[in-house]
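First comes the structure, then the notes that go with it.
The values are calculated or read from the model by the stated rules, or taken from the named source; none is laboratory data. Quantities reported herein were computed from a predicted structural model and do not represent experimental measurements. Glycine also receives a Cβ, built like all others from the backbone with ideal geometry; neighbour counts cover every protein chain displayed.
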Amino acid sequence: MKFMYSHFLTAFLLTETLPAQAFNFSEQLSIGGIMATAGQCQNVSARLPDGASLKKFDNECRAGMPIRLEISYHPNAANEFFIKLTFATANGLSQVSPWKLSTWAADLEDSVENINGRKRDYLLTAWYKHTRTFGDEGSLDASFGIIDSIDYIDGNQYANDELTQFMNQVFVNSNIYNLGSYDGGTALEWEQGNWTLTGVGMNIGENDNGDNYNFWGIEIVYHPETALGDGNYRFTLTGTSDSFPDPLNKEKESLFSYGLSFDQAFGEIVGAFLRVSHQQDDAAVDYKSLYSGGLNFNGGGWGRDKDNIGIGYAYLDGGNRNVKQGQVFEAYYRAVLNEHAAITADVQYLQDELTKTDLNQEDPEGWIFGLRLTAEF
C-alpha cells in the first residue's frame, strides 16, 4: 500500500508543476504527453464446478504509473514526424489477477521493455506522415515507420483511451481484432466527405508463441452529422499470417476477425457506444465473439461541464481454449481538478466461466476498485 500511495503523491505533485498545454517551441515543433498513476484493489472469489464450495483468492492492491511523451515536428502542413515514448513503473494487478482480460490496459513496466521481442525499450512509435489533399473534401494520409494499428482502426469516441476513459481492456479496444502495436508498418487513410477508408499493414517481431507474423487491418467509417449529434459507424476487418498454433498445437493458422462499432451523441449530455466483433477459431483463441456497449454522460447535466460518467457492459463468447464465456461491467466518474489534471474513481465486476476439465477448476468472479490520477501537458 505504501508503494501505491507514493505513486499518487508523485502524480499529485507533478500536476501542480506541469504546464497546462504542450510545449510549443515553434510553429513546427511541439512536445506534450500524459502521466497517469492508478491503484486497483481486487476482491475476487471462485465457485467450484459442483457449486458447493467457495474459495477465496488473495485480495491485493497494486499500482502502476506510465508516463507518455509525444514529440511532433511539422516542417510544413503536408508533412509530420512523430515520436511516442512511454516510461513506466510497476505492473498493476496484471501479475496477480485471475481473469483473462487486463483490468487496466495501460502500457506498464513489462509491456514497454523488449517490445515484441525486438530488444527495444520505451520507444513505442516513430513515424513519418505525408498528407495530400484533393479538392475541398478529399485527402490521403500515408504513414511509415514504427506504428500502432490502434491509432488508425477501432477508434471510439467514448471507449478508446485507458488513461482518460474506461480502464478495462475490453472497453478500450476489441481484443477479438488482435490489433498489432509498436512495430514496423505503414498506414493509409483516405477521407472524402463523411467517409474514411483506412488500411494498415505491419510486421510484428513475435507473438506469445515467439513467432514473427504479419498483421493487416481495413476499416470503413461513416461520420453522420444529424440533429441528434455527431456519430461514427465502423466496419472493420483484421487478419494475420499463418503464425499462430491451432488448438492441438500441431499446425500454424492465421487469425481473421471482423466487426461493427458505433458511437453516437444524443444531444449535448448523453452519448452511447456499441461494439460487435467475431473471429474465426482455426487458431487457438480465448474468445470467439465480443458484444459490448455503454453510455457516456457529460457533466454539463449537473453543472460540471468537463466531468463525465462512463458505464459499460461486455459479454464474450469463449473460443476453443479453456474459456466458456466472460462478462465485464465497468463504471467510472472522471472529475477534472484543473486545466490539466483529472481524477477518476472506477469500479469493475468481472466473471470468467471456464471449460471444466477437472473438478478442482474454479471460475473467478469479483470486483475491482480503482483510483486513477492523470496529468496532461
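Structural remarks
- The single condition from (1) touching a residue at least 60 places away in the same chain (Cβ under 8 Å); (2) surrounded by 16 or more Cβ atoms within 10 Å (Cβ to Cβ); (3) at negative phi that P247 fails is (2).
- One residue stands out in region 227-245 among those that are of a type in the set (G, A, S) and in contact with a Phe, Trp or Tyr (Cβ under 8 Å, 6 or more places away or on another chain): the one that is nearest to G259 (Cα to Cα), namely G239.
- Subset of region 122-138 [closer than 26 Å to G239 by Cα and surrounded by fewer than 15 Cβ atoms within 10 Å (Cβ to Cβ)]: Y128, H130
- Qualifying strands (runs of 3 or more DSSP E) (wholly inside region 265-377; at least 1 residues being within 27 Å of R234 (Cα to Cα) and modelled with pLDDT of 95 or more): 270-279, 287-298, 308-318, 323-336, 341-354
- Yes/no for E162 being farther than 24 Å from L255 by Cα and either buried (at least 19 other Cβ atoms within 10 Å of the Cβ) or without any contact (Cβ under 8 Å) to a residue 12 or more places away in the chain (or both): yes
- Condition check for R321: basic (K, R) and under 30 Å from L69 (Cβ atoms): no
- For region 294-314, the candidate set comprises residues that are surrounded by 15 or more Cβ atoms within 10 Å (Cβ to Cβ) and among the aromatic types (F, W, Y); within that set, the residue that is farthest from E268 (Cα to Cα) is Y313.
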